[in-house]
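Taking it in order: structure first as structure tokens, then the write-up.
The values are calculated or read from the model by the stated rules, or taken from the named source; none is laboratory data. Computed from a prediction, not measured in an experiment: that's the story for all the values here. Ideal geometry is used to build each Cβ from the backbone, glycine not excepted, and the neighbour counts take in all protein chains shown.
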Amino acid sequence: MDLSVISPTLLVASLMVASTPLLLAALGELVVEKAGVLNLGVEGMMIVGAIGGFAIAVETGSPVAGFVAAAVAGAALASVFGVLTQFLLANQVATGLATTLFGLGISSLMGQSYSGIRPPATPRLDLGPLGDLPFVGRVVFGHDWVVYFSLLLTFAVWWFLNRSRAGLTLRAVGENHAAAHALGIKVVAIRMAAIAFGGACAGLGGAYLSLVRVPQWTEGMTSGAGWIALAIVVFASWRAGRVLLGAYLFGGVTVLQLNLQAAGVALPVEYLSMSPYLITIAVLVLMSARRRGAAAAPASLGQSFHASQ
Amino acid sequence: MIRRTFLGTTLLGAAALAFMQPAFAQDDKVKVGFVYVGPIGDGGYTYEHDQARLKVEEHFGDKVETVYQESVPEGADAERVMTQMALSGADLIFATSFGFMDPTINTAKKFPDVKFEHATGYKRADNVGTYSARFYEGRAVLGHIAGKMTETNKIGYIASYPIPEVIRGINASYIAAKKANPDVEFNIVWAFTWFDPAKEADAAKALIEQGADVILQHTDSTAPHAAAAEAGNVIAFGQASDMAEYKPSPRVSSIIDNWAPYYIDRVQAVMDGTWESDDTWDGIGPGMVEIGEITAVPDDVKAEALEIRDRIAAGEYHPFTGPLNRQDGSEWLKEGETADDATLLGMDFYVEGLTGDIPN
């Protein structure tokens, strides 16, 4: 066992890369749930974003175009979910699960001709001398633009939900849609917008997997990341700052356990592999044990709304 | 009402599909069925089985007809698929995954005149044979290249599950790498998955960051190759399939499953009426395991690797030849002694020199 082979700089840097897809998808779902909608289709929207972004990036040679396309693809699939649940009042849980299954299926259909292709590279930003600073240079200034975008988005979501009038309206819809409706707020329109935003974020997260983190397209490549993003939202008790913490904790434990294994630490591998999931369960239990935690969920979460009610 | 019409149409469509499949069975042709566990486009395991099916068609032309079913779950569904194949006139059915073992045996009991071939299993009957490949022979060749090519003397190994097949691979590569370079060290990461590109990429990155400049993998995606390409100065090897898209570097060689010669041989046996249930475990010699083109390594390393491959093929060299000790230092094989198949099939220990424990 030799822990000195693990470089803290590289560990933190790769932790951030591993966490970014989770962070993006979880931020989107946070806004959706704050609007009172439970969309279990995150996994499906992520993988549709992964193939959509990959295909467009390969065809155009531009990773940025790929990320834009991924956001559009994710939002498009989310809109299908939105129409079914907001206009046709379908059950949100069942529709969300169907969205995931549909997304997995259509992505493997779309991806038939894209396996084994290398995408155009998304380079790390070159910040000149800043990038050469010890530790800070690699950890703070040595990433691609999507990592910075995801951090900026965390702040933007926090500001929107807690400091803006529009955010207050969105939260009102999520807490009590009947009262919001009585105030003249367009509940369905706001929820549709939130759902589309959530889909776009999930799509970006998926594209980050296929364009940066792996980077290649393979069927089923999200392998559960969408479900973890859903868990992170609950873990974070619906707060943007804690979503960041949750995503980095989860991504961090995964990367750390692989690093510890590679360094030959004599910890049983099964426990290391289990640890992120155990931590999530532990936090969920702790949260529900405290009354304040349970009350953090938007009161109208998962309920269908119709103006005639 | 609309719903009933819809249901009716769907049922009719399903029935029509079901009847279309067996409609063209003819008695003078040998009909061969293939049951796959994954999609034929997985680029790895199932892809190679399907390539072999196409070679069977090419080889026999009009004399053979093949049918296949992809993404068949391991369980009761497999029995249904095989039953349908048998009912539609299949003479020989290849069940290509370990998890099809009991369904194969059950179906075989119902159709004593149909021959079954089950991959990587151990249950046989009068009309059920088994077959598998000695991938460890290929790993010995890759291990040699790995040992010669590493400059940091650290080789990263991404393992899937702690089963004998994977442990055999680790041991075979280590023995060969150690012979090529006595200072070599293996860092083994258990991913506990056959296929999870993100996790495989993270594992490869962790190994590379800790100084490994050669990555061996027993997982199925090309994600570790992408990580190696990004890091630069790191080489990797194709698994199950050639993974040629990462040629000439970082992918410098590969182990390829080539089932075609075996499938052609068995179909021929059915045609001739000489088919018998047996247990086949073939390696490089009969061509079931192939070494992909060796690229981007010095000529002498390539020549040595090819020599090892040829000596294994000719039966002159066994990758597990003594003197070899187990990890705890106890003697396993004496000078010149080679491992027997029973020990290899049940291998649950590391050889001396490997560090870490095998997870249970």
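Numbers at a glance
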read-out: Residue satisfying condition, being surrounded by fewer than 17 Cβ atoms within 10 Å (Cβ to Cβ) and in contact (Cβ under 8 Å) with a residue 24 or more places away in the chain, within set B:Gly273, B:Gly287, B:Gly292; value: B:Gly287
read-out: Residues of the range B:249-279 classified as within 14 Å of another protein chain (Cβ to nearest Cβ) and not in a strand (DSSP E or B), total; value: 2
read-out: Among residues of the range A:189-237, those that are of a type outside the set (Gly, Ala, Ser), closer than 14 Å to A:Ala247 by Cα and within 13 Å of chain B (Cβ to nearest Cβ), counted; value: 1
read-out: Residues of the range A:177-236 satisfying the condition of being at pLDDT below 95, farther than 24 Å from A:Ser304 by Cβ and of a type in the set (A, V, I, L, M, F, W, C); value: A:Leu209, A:Leu211, A:Val212, A:Val214, A:Trp217, A:Met221, A:Ala225, A:Ile228, A:Ile232, A:Phe235, A:Ala236
read-out: Out of B:Thr219, B:Thr130, B:Thr152, sole residue that is polar (S, T, N, Q), within 13 Å of chain A (Cβ to nearest Cβ) and closer than 27 Å to B:Ile40 by Cα; value: B:Thr219
read-out: Qualifying residues in the range B:207-247 (those that are small (Gly, Ala, Ser) and assigned to a helix (DSSP H, G or I)) - the one modelled with the lowest pLDDT; value: B:Ala244
read-out: Test result for B:Lys199, under 16 Å from A:Pro215 (Cβ atoms), among the charged types (D, E, K, R) and in the same structural domain as B:Asp242 (by TED's automatic domain parsing); value: yes
read-out: Subset of the range B:280-327 (residues that are within 22 Å of B:Val252 (Cα to Cα), of a type in the set (Val, Ile, Thr) and not in a helix (DSSP H, G or I)); value: B:Ile284, B:Val289, B:Ile291, B:Ile294, B:Thr295, B:Val297
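Yes/no matrix, rows are residues, columns are (1) under 13 Å from B:Ile167 (Cβ atoms); (2) away from every other protein chain (no Cβ under 14 Å); (3) of a type in the set (A, V, I, L, M, F, W, C); (4) surrounded by fewer than 17 Cβ atoms within 10 Å (Cβ to Cβ):
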site	(1), (2), (3), (4)
B:Gly315	no, yes, no, yes
B:Arg326	yes, yes, no, yes
B:Glu331	no, yes, no, yes
B:Lys334	no, yes, no, yes
B:Thr343	yes, yes, no, yes
B:Tyr350	yes, no, no, no
B:Leu354	yes, no, yes, no
B:Asp357	yes, no, no, yes
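This table checks each residue for (1) free of Cβ contacts under 8 Å to residues at least 60 places away in the same chain; (2) surrounded by 24 or more Cβ atoms within 10 Å (Cβ to Cβ).
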| residue | (1), (2) |
| --- | --- |
| B:Ala203 | yes, yes |
| B:Asp213 | no, no |
| B:Leu216 | no, yes |
| B:Ala229 | yes, no |
| B:Gly232 | yes, no |
